[in-house]
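Asks: My questions all concern the structure below.
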Amino acid sequence: MLDYIFFDAKLSNKFKDHLTKVDIKFKCEQDSAFGSVQGAIVSISDETSENLLEELQNLYDKLQSELEKLLEQNDEGLAMSAAGMEVKLKDDRLCTLRVAPDIVARILTVLEFDELQAFVDNIAKSVEKPDDEHFCHNKLGE
């Protein structure tokens with residue numbers, strides 16, 4: 001199953017409406033594991049065609065941008081947007097990492113979100129392909 005996480009019911013409903021329109025079956029559950037922020041997880045089959053997955057990713061990105069705009073208008077924005085980060089694994093699966101909102105909020109006081117995402121991606125790559133060589137021999141950018 002592929003999971004899409006939403007922290008706004010209206011945006012979640014837009015996504016689910018689109019899934020219904022393109023005849024994709026989905027499951028939806030509320031997840032309280034994000035701390036004080038309740039999230040909705042919308043799951044679809046991982047056997048969905050590549051074209052539809054690309055379309056869904058574009059829609060999800062658009063909805064996440066809408067969420068960012070909503071949160072910028074809201075004092076709780078940083079805490080709500082810090083509940084999870086998505087990482088693409090080397091086998092092209094997407095994995096959502098659950099992150100404590102207060103930790104990410106602190107990190108985002110010194111890093112931009114894209115810098116944090118690059119850092120998380122680097123950690124995921126290092127976990128998937130450990131490098132036991134001496135640190136001085138590691139090459140950056142691999």
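Every number in this text was worked out from the coordinates using simple rules, so none of it is lab data. Bear in mind the structure is a predicted one, so any value in this text is a computation, not a measurement. Cβ atoms come from the backbone with ideal geometry, glycine included; neighbour counts cover every protein chain shown.
Asks: Note the full-extension length gain between N13 and E66 as 0.36 nm times their separation in residues minus their Cα-Cα distance, in nm to one decimal.
Replies: 17.8 nm
Asks: Tell me, what HN-Hα J-couplings in whole Hz come from the Karplus equation 6.51 cos²θ - 1.76 cosθ + 1.60 at θ = phi - 60° for each residue of region 88-95, using x for Gly and Pro?
Replies: Each residue's phi maps through the Karplus curve to give 8, 7, 5, 8, 6, 6, 9, 10 Hz.
Asks: A further question on this structure: State which entries of K10/K62; K27/K88; K62/K90; K25/K62; K25/K90; K16/K62 exceed 18 angstrom in Cα-Cα distance in the structure shown.
Replies: K27/K88; K62/K90; K25/K62; K25/K90
Asks: Next question, about the same structure. Subtract the Cα-Cα distance of E50 and K21 from 0.36 nm times their separation in residues, and report this length gain in nm to one decimal.
Replies: Gain on extension, E50 to K21, equals 8.7 nm.
Asks: Give, as a single signed number, the net charge of other residues whose beta carbon lies under 13 Å from the beta carbon of E47, with Lys and Arg counted +1 and Asp and Glu -1.
Replies: 0
Asks: Full extension from E133 to L97: what is 0.36 nm times the residue separation minus their Cα-Cα distance, to one decimal in nm?
Replies: Computed gain between E133 and L97 is 10.3 nm.
Asks: Then there is this: Order by neighbour count: C95, C28, fewest other Cβ atoms within 10 Å first, most last.
Replies: Final ranking by Cβ density, sparse to dense: C95, C28.
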